[in-house]
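**Student:** Structure in structure tokens, see below.
The values are calculated or read from the model by the stated rules, or taken from the named source; none is laboratory data. Computed from a predicted model, the values in this text were never measured in an experiment. Cβ placement follows ideal geometry from the backbone for every residue including glycine, while neighbour counts extend to all protein chains displayed.
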Amino acid sequence: MLRVAFLGLGNMGAPMALNLVARKYDVIGFDVQQSSRASFTAAGGQAAAHLADAIEDANLVITMLPSGRELKSIYLGEHSLIEKIKAGALLIDCSTIDVPTTRKVAHAAEQRGLAMVDAPVSGGTMGAKNGTLTFMVGGTDLAFLRAEPLLTAMGKNIIHCGQIGAGQAAKTCNNAILGVSMAAVSEAFALADSLGLAREKLFEVASTSSGQCWALTSYCPVPGPVPTSPANGDYAPGFAASMMLKDLRLAVDAAHAHGVPTAAISQAAELYALMVARGMGGLDFSGLFQFIEPNGPKK
Ligand code: NAD
């Protein structure tokens, strides 16, 4: 019987882990925040109060953490999970982190005979809840085959992108597109307001024209046109602006390291950095519209 330790029970991790529970996997969750553990157990999950207890009998570890820092600390830092986990266990990291950290942790795991895949996701909290996430996976063919059934229990599209780190590379590029397109859509709505163009009309035109994109038609940053978008709920996340800033910085850092010009991505990162510095990092990333136009349309 597989025992899964699921580490990181936040906006994404909790609903993902609950989908595994619903498919009858034996899951023990862990989160450093007591409140996250409490809501996970209230929703039907089982949580350990200490990391060591969560991993004790696990032969599969899934991580859904804010950044590479937490992943490194769990596996290589004070907790040194790499040393403590059962021999033969499979490690699946679903967090969005940088490629070098992924490869460093995977290399340390390999030294101990443990297989690891990076499997970051796209699809947001709704996708996590509905089990419709897209997983972008990096790792060996064998590790991919071992991870696939679990990923299928949490997602709809499971794409093997290449060797370890390839999933994170795909995720970094995807979110760079998302960050830039959300900035463009938000600025276009602010411009429409200033030009006296009704928001519904811009939506009607752009959603059926060449301006069509996911940031507009699935996640519209102004209230109204897409009833399920966070704009209709005071921009509660969803996907926090601080997380988008992290992802854009991953893209900018990778571009610098490889000498790739990324002017648009860098500008989008700057916008999100300003938004976060203004104390708006906890809003959904589509709250960028509110940052750009804090006082509503000009009358
Ligand atoms: P979140 O902040 O809601 O959840 C992260 C959780 O990890 C928190 O509950 C936190 O307490 C916990 N945590 C931090 N350090 C820990 C540790 N050492 N051990 C155990 N738990 C620890 O974030 P989220 O929105 O769930 O995002 C998680 C990851 O998924 C991020 O890397 C993010 O970029 C990525 N992601 C998020 C979305 C989204 O829509 N929210 C979409 C795709 C990818």
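**Student:** I'd like to check something: does the range 97-111 contain any residue that is of a type in the set (Gly, Ala, Ser), surrounded by 19 or more Cβ atoms within 10 Å (Cβ to Cβ), in contact (Cβ under 8 Å) with a residue 40 or more places away in the chain and touching a helix residue (DSSP H, G or I) at 6+ places or on another chain (Cβ under 7 Å)?
**Tutor:** No, that holds for no residue.
**Student:** Go over the candidates Val180, Val205, Val185 one by one and state the one that is touching a Ser or Thr at 6+ places or on another chain (Cβ under 9 Å), among the aliphatic types (A, V, I, L, M) and modelled with pLDDT of 95 or more.
**Tutor:** On the way: Val180 fails: touching a Ser or Thr at 6+ places or on another chain (Cβ under 9 Å); Val205 fails: touching a Ser or Thr at 6+ places or on another chain (Cβ under 9 Å).
Testing whether each residue is touching a Ser or Thr at 6+ places or on another chain (Cβ under 9 Å), among the aliphatic types (A, V, I, L, M) and modelled with pLDDT of 95 or more leaves just Val185.
**Student:** Return the pair list, or none, for Cβ contacts closer than 9 Å from residues in the range 239-254 that are closer than 15 Å to Asp98 by Cβ to residues that are of a type in the set (Lys, Arg) and modelled with pLDDT of 95 or more, at least 6 apart or on different chains.
**Tutor:** Asp247/Lys171; Leu250/Lys171
**Student:** Tally the residues that are free of Cβ contacts under 8 Å to residues at least 40 places away in the same chain, surrounded by 14 or more Cβ atoms within 10 Å (Cβ to Cβ) and not hydrophobic (A, V, I, L, M, F, W, C), restricting the search to the range 255-269.
**Tutor:** Initial filter on the range 255-269 (free of Cβ contacts under 8 Å to residues at least 40 places away in the same chain): 255-261, 263, 266.
When the remaining residues are screened for being surrounded by 14 or more Cβ atoms within 10 Å (Cβ to Cβ), the result is 255, 266.
After this cut, where a residue has to be not hydrophobic (A, V, I, L, M, F, W, C) as well, the list is 266.
Total satisfying the criteria: 1.
**Student:** Please enumerate the residues belonging to the range 27-36 that are buried (at least 21 other Cβ atoms within 10 Å of the Cβ) and within 11 Å of the ligand (Cβ to nearest atom).
**Tutor:** Scanning the range 27-36 gives Gly29, Phe30, Asp31.
**Student:** State whether the residues of the range 70-90 include one that is at pLDDT below 95, more than 15 Å from Phe6 (Cβ to Cβ), within 11 Å of the ligand (Cβ to nearest atom) and charged (D, E, K, R).
**Tutor:** Yes, the range 70-90 contains at least one residue that is at pLDDT below 95, more than 15 Å from Phe6 (Cβ to Cβ), within 11 Å of the ligand (Cβ to nearest atom) and charged (D, E, K, R).
**Student:** Looking at (1) within 12 Å of the ligand (Cβ to nearest atom); (2) outside any loop (DSSP other than H, G, I, E, B); (3) free of Cβ contacts under 8 Å to residues at least 60 places away in the same chain, can you tell me which one Met16 breaks?
**Tutor:** Among (1) within 12 Å of the ligand (Cβ to nearest atom); (2) outside any loop (DSSP other than H, G, I, E, B); (3) free of Cβ contacts under 8 Å to residues at least 60 places away in the same chain, the lone unmet condition for Met16 is (3).
**Student:** Let me confirm something: among Lys129, Lys156, which residue is surrounded by fewer than 23 Cβ atoms within 10 Å (Cβ to Cβ), outside any helix (DSSP H, G or I), within 16 Å of the ligand (Cβ to nearest atom) and in contact (Cβ under 8 Å) with a residue 24 or more places away in the chain? Walk me through it before giving the result.
**Tutor:** Values: Lys129 fails: outside any helix (DSSP H, G or I).
Exactly one residue qualifies, and that residue is Lys156.
**Student:** Taking the condition surrounded by 14 or more Cβ atoms within 10 Å (Cβ to Cβ) and not in a helix (DSSP H, G or I), does Gly287 pass? Reasoning before the result, please.
**Tutor:** Values: surrounded by 14 or more Cβ atoms within 10 Å (Cβ to Cβ): yes; not in a helix (DSSP H, G or I): no.
Taking the combined requirement at face value, the residue does not satisfy it.
**Student:** Restrict the check to the range 16-30 and report whether at least one residue is over 16 Å from Pro149 (Cβ atoms) and charged (D, E, K, R).
**Tutor:** Step one: filter the range 16-30 for residues over 16 Å from Pro149 (Cβ atoms), giving 18, 28-30.
Pick out the ones that are also charged (D, E, K, R) and you get none.
Checked against the condition, which is being over 16 Å from Pro149 (Cβ atoms) and charged (D, E, K, R), the range 16-30 yields no hits at all.
**Student:** Cβ-Cβ below 7 Å, separation at least six or inter-chain, first residue in the range 203-223 and within 20 Å of Phe285 (Cβ to Cβ), second among the aromatic types (Phe, Trp, Tyr) and buried (at least 20 other Cβ atoms within 10 Å of the Cβ): which pairs?
**Tutor:** Listed pairs, sorted by first residue: Cys220/Phe203; Pro221/Phe189; Pro221/Phe289; Val222/Phe189; Val222/Phe289.
**Student:** Looking only at the range 170-187, filter to residues that are in contact with a Leu (Cβ under 8 Å, 6 or more places away or on another chain) and of a type outside the set (Gly, Ala, Ser); which one of those is surrounded by the fewest Cβ atoms within 10 Å (Cβ to Cβ)?
**Tutor:** Among residues in the range 170-187 that are in contact with a Leu (Cβ under 8 Å, 6 or more places away or on another chain) and of a type outside the set (Gly, Ala, Ser), the one surrounded by the fewest Cβ atoms within 10 Å (Cβ to Cβ) is Asn175.
**Student:** Would you mind finding the one in Ala192, Ala254 that is aliphatic (A, V, I, L, M), in contact with a Lys or Arg (Cβ under 7 Å, 6 or more places away or on another chain) and in a helix (DSSP H, G or I)?
**Tutor:** Numbers: Ala254 fails: in contact with a Lys or Arg (Cβ under 7 Å, 6 or more places away or on another chain).
Ala192 is the lone residue from the list that is aliphatic (A, V, I, L, M), in contact with a Lys or Arg (Cβ under 7 Å, 6 or more places away or on another chain) and in a helix (DSSP H, G or I).
**Student:** Say whether the condition of being within 18 Å of Thr125 (Cβ to Cβ) and within 10 Å of the ligand (Cβ to nearest atom) is met by at least one residue in the range 45-62.
**Tutor:** Initially, the range 45-62 is screened for residues within 18 Å of Thr125 (Cβ to Cβ), giving 45, 62.
So of that shortlist, the ones also within 10 Å of the ligand (Cβ to nearest atom) come out as none.
Scanning the range 45-62 turns up no residue that is within 18 Å of Thr125 (Cβ to Cβ) and within 10 Å of the ligand (Cβ to nearest atom).
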